[in-house]
1. Need the failing condition index for ILE134 against (1) assigned to a loop (DSSP other than H, G, I, E, B); (2) under 10 Å from VAL29 (Cα atoms); (3) of a type outside the set (Ser, Thr, Tyr), just the number.
2. How about segment 35-51: which of its residues are touching a residue at least 12 places away in the same chain (Cβ under 8 Å) and either surrounded by fewer than 13 Cβ atoms within 10 Å (Cβ to Cβ) or over 14 Å from the mean Cα position of the chain (by Cα) (or both)?
3. Answer yes or no as to whether SER72 is surrounded by 12 or more Cβ atoms within 10 Å (Cβ to Cβ), over 25 Å from GLU33 (Cβ atoms) and hydroxyl-bearing (Ser, Thr, Tyr).
4. Is there a residue in segment 30-51 that is modelled with pLDDT of 95 or more, under 24 Å from LYS105 (Cα atoms) and part of a strand (DSSP E or B)?
5. Look at segment 84-119 and say how many of its residues are surrounded by fewer than 16 Cβ atoms within 10 Å (Cβ to Cβ) and over 13 Å from TYR47 (Cβ atoms).
Amino acid sequence: MIRRRFILIFMLLTSAQFVMAGGNKILVVTNAEDIGLLSPQQIKQIYMKGILHNLKPINLSQGNKTRIIFNSTVIGLTESRINSYWIQMKFSGKAEPPLEFNNTKDIIQQLNTKTRAIAYLPQGIDIPKSLHIIYTLEY
């Protein structure tokens, strides 16, 4: 009896994981024509130090679901750890945090006007032809 319950619970949990893993994506895009596909490590370097390929990172605002997923999977840090890092960098004068925007429309507008910028967008957003995808995060 206990074994049957265990098997039933196990089957329910594993099937729930497949349902939750719904093939959602976050697309990392840039307006820099000379940039090809990037690795998560390269994207992390750009977002945490802004030193790779001279790309200027753009973030969604704090608390945004897409930002939280991007930070935890690509950057590998929680929002609070990233905030602490940028407070230290700004205070020491070493670097400024990425620009932040409240919505994807403003980010796309910024990507179309700012040279050599990089941003992440949730799937389903119409990406203009002036931008190209350099990384796809599936979660």
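The values are calculated or read from the model by the stated rules, or taken from the named source; none is laboratory data. All values reported here derive from a predicted model rather than from experimental measurement. Cβ: placed from backbone, ideal geometry, glycine included. Neighbour counts: every protein chain shown.
1. Single failed check for ILE134: (1).
2. Once the filter is applied, which keeps residues that are touching a residue at least 12 places away in the same chain (Cβ under 8 Å) and either surrounded by fewer than 13 Cβ atoms within 10 Å (Cβ to Cβ) or over 14 Å from the mean Cα position of the chain (by Cα) (or both), segment 35-51 yields ILE35, GLY36, LEU37, SER39, LYS49, GLY50.
3. Working: surrounded by 12 or more Cβ atoms within 10 Å (Cβ to Cβ): yes; over 25 Å from GLU33 (Cβ atoms): yes; hydroxyl-bearing (Ser, Thr, Tyr): yes.
Criteria met by SER72.
4. Within segment 30-51, one or more residues are modelled with pLDDT of 95 or more, under 24 Å from LYS105 (Cα atoms) and part of a strand (DSSP E or B).
5. 18
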